[in-house]
Amino acid sequence: MAEKSRIGVTGLAVMGANLARNIASRGVAVAVHNRTAAKTEQFMAEHGGEGDFTGTESVEDFVNALERPRRIIVMVKAGKPVDAVIEELTPLLDQGDIIIDAGNSHFPDTVRRTEECAANGIRFMGVGVSGGEEGALLGPSIMPGGDPEAYAEVEEIFTAISAKVDDTPCCVHVGPGGAGHYVKMVHNGIEYADIQLIAEAYDLLGHVAGLDAPAIGKIFEEWNTGDLESFLIEITGKVLAKTDERTGRPLVDVIVDQAEQKGTGRWTSQDALDLGVPLTGITEAVFARTLSALRDERKAASTTLAGPAPAQKADEQLVEDIRQALYASKVVAYAQGFAQMRAASIENDWDLTLGDMATIWRGGCIIRAQFLNRIRDAYAEHPDLDNLLMVPYFTEAVANAQDAWRRVVTVATEQGVAIPAFSSSLSYYDGYRRERGPANLIQGLRDYFGAHTYRRIDAEGSFHTRWAQDGSEVRTD
Ligand code: 6PG
């Protein structure tokens, strides 16, 4: 038993408890604490024998149990609880001690906390941790942000506990300040799009191809052996195969169709709007959740609003078309998510290495997928890539899928099945590859009603037409 613990974890709900257990399983002495002392006692009773744990009742005992510089992982609910823990710890800490927020905090809060802690000589790190409870215990993807010297104090522990792919830890210092929580936020935004696309594929396979949940589950299992191989596709097969013990029906058929959200996907879309990044797939996924929440309104509308008569087409081609549409739409979602991280990196001067995000997301996290190897390779060759769609591998993959993608959007539209992520991703693709689009008319209209000016394709400068006067054009800059 070490005299002092190398690291501490405060907040022993399942994620915090599992992270503490994972760290201790690597032979590291860990001090544990929870605001409710009974929780700490329960942890020690259940897991105290798994490693070199020091259970502490008070926050003072917790701090005193740690070697210098103190390394404290805070695993509490995002928001005010994090500030409350920082406020309680700060007077007990010394210069150079490190507070590590490993929850799903909103990155502007992390930027603020970094500054507030620095004013007290304390180093603050915002660390994204992905992989849920199992990941926390067995090997998450870890996205540390903050002072590189502070990271150096925990790098050995974090890389040891992280998931490994090809012996490479799914953990790398992301960047300063709020960068770690930012990329975790985008990870979750991509997760939202991934999940929405899977839900739309499931809906089409059910409502258009006329297949039941177990049959659809088998299709996802098959898809998981190809380009779509990923954790989310894998567990989709499992969720759809599950029989409800109470009714004997597929469990998914008795689950209420209202998706909830803790906020990380919404934050991603909000920042995309601020940055001017067309994050269509992820944002449609957020809106799809809010539309699903209007269950009572949808029930009323279902008997009022007209739609096409359902005409089921259960053919092999449709199933394959949906697989290809799912893959192409997934490429768009990741392309948009990575484009947002690039824009945020420039905006915040974080100097993110986007290939690193693909590398550490290959394992441990919720969006872990074979697909991320391709993204890592793309950024290795083109570190300053504008858009993943322009990488030959993805350019070709989407070109090969586009006919199927268009057939799926057509049949869904004809049969009145909502596919906001599939269709918005196709529109993004068509908009992105369009050399000259209809925004010229938007500029003309804006100039007509607001004199907001426009540029010309055949001359430098800004212009305004005197629509309400003599119709002449004047240069305005
Ligand atoms: C992860 C998960 C994790 C959590 C999501 C759920 O990366 O381990 O994404 O962060 O399960 O926050 O988010 P929603 O409740 O918003 O779907």
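The values are calculated or read from the model by the stated rules, or taken from the named source; none is laboratory data. No experiment lies behind these values; they were computed from the predicted model shown. Cβ atoms come from the backbone with ideal geometry, glycine included; neighbour counts cover every protein chain shown. We work out accessible area using only protein heavy atoms, side chains counted, and drop any ligands, DNA or RNA first. Shrake-Rupley method; radii C 1.70, N 1.55, O 1.52, S 1.80 Å.
Annotation for region 229-293: GluC sites (Glu not before Pro) lying in DSSP loop with at most 12 further Cβ atoms inside 10 Å of their Cβ are GLU245, GLU260. Take TRP267: with every protein chain present and a 1.4 Å probe, its accessible area is about 40 Å². Modelled spin labels at THR159 and GLU245, positioned 7 Å past Cα toward Cβ, are 4.5 nm from each other.
Count charges around ARG436 for me, please; just the other residues with Cβ under 14 Å from its Cβ, Lys/Arg as +1, Asp/Glu as -1.
Values: positive: ARG433, ARG434, ARG455, ARG456; negative: ASP430, GLU435, ASP458.
That works out to +1.
Averaging the Cα positions of each part gives two centres, and for region 64-104 and region 170-203 these lie 25 Å apart.
Remark: the chain carries a charge dipole of roughly 840 debye about the Cα centre, counting +1 on each Lys and Arg Cβ and -1 on each Asp and Glu Cβ.
The distance from the alpha carbon centre of region 432-470 to that of region 1-43 is 62 Å, rounded to a whole number. Here is the list for region 365-438: GluC sites (Glu not before Pro) lying in DSSP coil, each with at most 15 other C-beta atoms within 10 angstrom of its C-beta, are GLU435.
To the nearest 10 degrees, how steep is helix 439-450 against the longest Cα principal axis of the chain, on a 0 to 90 scale? Between helix and principal axis, roughly 90 degrees.
Under a 5 Å amide H cut-off, with hydrogens placed 1.01 Å from N, VAL129 pairs with MET143 among residues at least 5 apart or on other chains. In whole percent, and with a 1.4 Å probe on the protein chains, what portion of the accessible area of the chain is carbon and sulfur? The computed percentage sits at 51.
Go through LYS77/LYS164; LYS80/LYS262; LYS77/LYS184; LYS39/LYS77; LYS262/LYS330 and tell me which ones have a Cα-Cα distance over 18 Å in this structure.
Numbers: LYS77/LYS164 27 Å; LYS80/LYS262 15 Å; LYS77/LYS184 15 Å; LYS39/LYS77 16 Å; LYS262/LYS330 22 Å.
In this structure, LYS77/LYS164; LYS262/LYS330 exceed 18 Å between Cα atoms.
Using a 1.4 Å probe and counting only protein heavy atoms, arrange HIS452, HIS187 so the residue with the most accessible area comes first. It would help to have the intermediate numbers written out before the result.
On the way: HIS452 90, HIS187 0 Å².
Of HIS452, HIS187, the descending order of accessible area is HIS452, HIS187.
Relative to the longest principal axis of the Cα atoms of the chain, the long axis of helix 392-414 makes an angle of roughly 70 degrees. Considering region 33-173, its Cα convex hull presents a mean projected area of 8.4 nm².
Accessible surface ranking for VAL14, VAL252, VAL208, 1.4 angstrom probe, highest first: VAL14, VAL252, VAL208. A simple spin-label model places the labels of ALA38 and ALA418 4.3 nm from each other, with each point 7 Å out along Cα-to-Cβ. Between 0 and 90 degrees, the angle of helix 280-292 with respect to the longest Cα principal axis of the chain falls at about 80 degrees. Classify the chain from the C-alpha gyration tensor, please: rounded if a/c falls under 1.5, else prolate or oblate depending on whether a/b exceeds b/c. Here the chain falls in the oblate category.
With both labels modelled 7 Å from their Cα along Cα-to-Cβ, the HIS464 to GLU60 distance reads 7.0 nm.
Excluding ligands, DNA and RNA, what is the solvent-accessible area per residue of the chain at a probe of 1.4 Å, expressed in Å²? Walk me through the numbers on the way to the answer.
Working: 22750 Å² over 477 residues.
Here the residues of the chain average 48 Å² of exposed surface.
In the chain, the DSSP-assigned H stretches of four residues or longer account for a calculated mean residue ellipticity at 222 nm of -17000 deg cm²/dmol, using -39500 (n - 2.57) per stretch and the full residue count as denominator.
Apply the a/c threshold of 1.5 to the C-alpha gyration tensor of region 184-432 and tell me whether it is rounded, prolate or oblate.
Values: a/c = 1.63, a/b = 1.52, b/c = 1.07.
Prolate, since a/c reaches 1.5 and a/b exceeds b/c.
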